[in-house]
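Step one of this worksheet: look at the structure below.
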Amino acid sequence: MTTKTVSELLTQDVTLQQVSVKGWVRTFRANRFIALNDGSTINNIQCVVDFENFDEALLKRITTGAALHINGELVESQGKGQKVEIVVSTIEVLGDSDAETYPIQPKKHSFEFLRENAHLRTRTNTFSAVMRIKSTLSFAVHKYFTENGFYNMHTPMITGSDAEGAGEMFRITTLDAKNPPLDENGDVDFKQDFFGKEANLTVSGQLEAETYAMSLGKVYTFGPTFRAENSNTSRHLAEFWMIEPEVAFMDLAGNMDLAEDFIKSVISYLLEHNQEDLKFLDERLFNEEKSKPQAERSEMRLIEKLKFVTDNNFKRVSYTEAIDILRNSKPNKKKKFKYLINEWGADLQSEHERFLVEKHFKCPVILFDYPANIKAFYMRLNDDEKTVRAMDVLFPGIGEIIGGSQREERLDILKEKMAALDIPEEELWWYLDLRKYGTAVHSGFGLGFERLVMFATGMGNIRDVIPYPRTPQNAEF
Ligand code: 4AD
Ligand code: MG
């Protein structure tokens, strides 16, 4: 008899058939009802044991967390809450679980506690739902780009260049710590880190993606990126996955259209395919909200929030307009932001981004045309010579979910900008070549995948949407 997944069994027509299933015990009630879960669905299959037919020694081994192989008859359930159940004929304990020490007890655990048990937390409903949703979103990303004529590209993780110019790179080294090469001042020469050259973990695959866009037309990357910024927030990781499309002959307006269409498409796909998981999280988070003071409660439920994104246009607002709004706004009871926006040119903090999205426009917002001096060197300078064709997509509860731009395609202006920022031309000679040989308008963006998963699941901390989070405080497992 072939073993079926719980998901298959629960959607099966009942024709009184013999079935076989393997999974982990969630609970064993009254020496009679085993709730078995195998990760294929949020739901458990109820396995009904007639204890008189089984050894007591065997029944004692059916503890929360134990791995079982069960054979039995699939029948219509008499009880409420499930359509079918298994009347058990044989039980094989594949792996025992010591109920005393098993960390995942059949009760509600705090997310903090579960973070310390990250290797077991996907045995809970919340975390298995989050990770199934993440997997669906990952597939939806590849589906969207494949169906829209993009080629997938793997960009290097070891690189000499700092794509964002923010100096937030992890250095990697092959140096002999006891006998390092020295520079002319007698200091360790980190420029020789990687077999005689400088090397870091990539912060973004964008520059390499640009090279492929300028030959293959439409490409995207979806891979790990690394940031050595010391931010201990609920939205920052030292290692996260980024999705970066890059398109030749597309300007900033096209980039905004692409970003909006892409996000809507993957969220729609999720709504169509993970209803049970979304419903579970929707209910769980709603109950959690009820314990918060009224003023802090989210105005929308999870599924409502997702539908709101798929059904409404994102509001497009220039940086200059946004600054005017922020200057004239009273965000809270104290009527002040923590960081006051006094003048044009200031960088927005997440409190400003969230105010615009959550309180002012009450919808996703695309901010564009930022001051040149707060954005990266590669962004296309506007005719005003003060702003660049940058865009940030801001989401409720998240703030910045996407950062992107039209790229500077003019060789002389790019060189000027690099010189002003002390970026040596030798380091990016290949990047400059793109502007020398057949240059063209092109654009792209980066979406932080874990931030998308946070939005899609309603989880409040980025550490809870990646299996093993790497942060300044935490790199266990
Ligand atoms: O805005 P960022 O830094 O843009 C870039 O890296 C561009 N090169 C992308 C491009 O145009 N191809 O990062 C892009 C997105 C952010 O909007 C955010 O969603 C996410 O990456 N992100 C992070 N996510 C988690 N932890 C961090 N430390 C993140 N830093 C950025
Ligand atoms: Mg950014």
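The values are calculated or read from the model by the stated rules, or taken from the named source; none is laboratory data. Small disclaimer: the values here were computed from a predicted structure and weren't measured. Neighbour counts run over all protein chains shown; Cβ positions are idealised from the backbone, glycine included. SASA here: full protein model, heavy atoms, side chains in, ligands and nucleic acids out. Shrake-Rupley method; radii C 1.70, N 1.55, O 1.52, S 1.80 Å.
Taking the stretch 44-62 as the region of interest, how many residues are in a loop (DSSP other than H, G, I, E, B), closer than 25 Å to THR122 by Cα and open to solvent by less than 30 Å² (accessible area, probe 1.4 Å)?
Looking only at the stretch 44-62, we keep the residues that are in a loop (DSSP other than H, G, I, E, B), and these are 44, 49-50, 54-55, 61-62.
Narrowing further to those that are closer than 25 Å to THR122 by Cα: 44, 61-62.
Checking the rest, the ones that are also open to solvent by less than 30 Å² (accessible area, probe 1.4 Å) come to 62.
Of the residues in that region, 1 qualify.
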Checklist entry - What's the number of the condition ILE398 fails, among (1) closer than 18 Å to THR320 by Cβ; (2) within 13 Å of ligand 2 (Cβ to nearest atom); (3) among the aliphatic types (A, V, I, L, M)? => result (1)
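Please determine whether any residue of the stretch 327-340 is without any contact (Cβ under 8 Å) to a residue 40 or more places away in the chain and of a type in the set (Gly, Ala, Ser). Even if it seems obvious, please write down each step before you answer.
Our first condition is that a residue be without any contact (Cβ under 8 Å) to a residue 40 or more places away in the chain; within the stretch 327-340, this holds for 327-340.
Still in the running and of a type in the set (Gly, Ala, Ser): 329.
Checked against the condition, which is being without any contact (Cβ under 8 Å) to a residue 40 or more places away in the chain and of a type in the set (Gly, Ala, Ser), the stretch 327-340 yields at least one hit.
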Next on the checklist: I need the full set of residues from the stretch 58-74 which are under 17 Å from ARG26 (Cβ atoms) and hydrophobic (A, V, I, L, M, F, W, C), in order please.
Outcome noted: LEU59, ILE62, ALA66, ALA67, LEU68, ILE70
Next on the checklist: For the stretch 401-446: of the residues being open to solvent by less than 10 Å² (accessible area, probe 1.4 Å) and aromatic (Phe, Trp, Tyr), which is nearest to ligand 2 (Cβ to nearest atom)?
Outcome noted: PHE445
Checklist entry - Looking only at the stretch 272-301, which residues are among the small types (Gly, Ala, Ser) and either modelled with pLDDT of 85 or more or under 21 Å from SER110 (Cα atoms) (or both)? => result SER291, SER298
Item to check | Selected residue [touching a strand residue (DSSP E or B) at 6+ places or on another chain (Cβ under 8 Å), at positive phi and either open to solvent by 10 Å² or more (accessible area, probe 1.4 Å) or modelled with pLDDT of 95 or more (or both)] from GLY196, GLY223, GLY217, GLY205 | outcome: GLY217
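Given the criteria within 23 Å of the chain's Cα centre (by Cα) and surrounded by fewer than 18 Cβ atoms within 10 Å (Cβ to Cβ), does LYS334 qualify? Steps first, please.
Working: within 23 Å of the chain's Cα centre (by Cα): no; surrounded by fewer than 18 Cβ atoms within 10 Å (Cβ to Cβ): yes.
So LYS334 does not fit the description; no.
Residues checked against (1) of a type in the set (Asp, Glu); (2) not assigned by TED's automatic domain parsing to the domain that holds LEU258:
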position: ASP189; (1), (2): yes, yes
position: GLN192; (1), (2): no, yes
position: GLY196; (1), (2): no, yes
position: GLU208; (1), (2): yes, no
Checklist outcome for this item: Here the residues within the stretch 184-208 that are within 16 Å of ligand 2 (Cβ to nearest atom) and in contact with an Asp or Glu (Cβ under 7 Å, 6 or more places away or on another chain) are VAL203, SER204, GLY205, GLN206
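Within the group LEU428, LEU452, LEU394, LEU432, which residue is at negative phi and more than 15 Å from ligand 1 (Cβ to nearest atom)?
Details: LEU428 fails: more than 15 Å from ligand 1 (Cβ to nearest atom); LEU452 fails: more than 15 Å from ligand 1 (Cβ to nearest atom); LEU394 fails: more than 15 Å from ligand 1 (Cβ to nearest atom).
Going through LEU428, LEU452, LEU394, LEU432 in turn, the sole match is LEU432.
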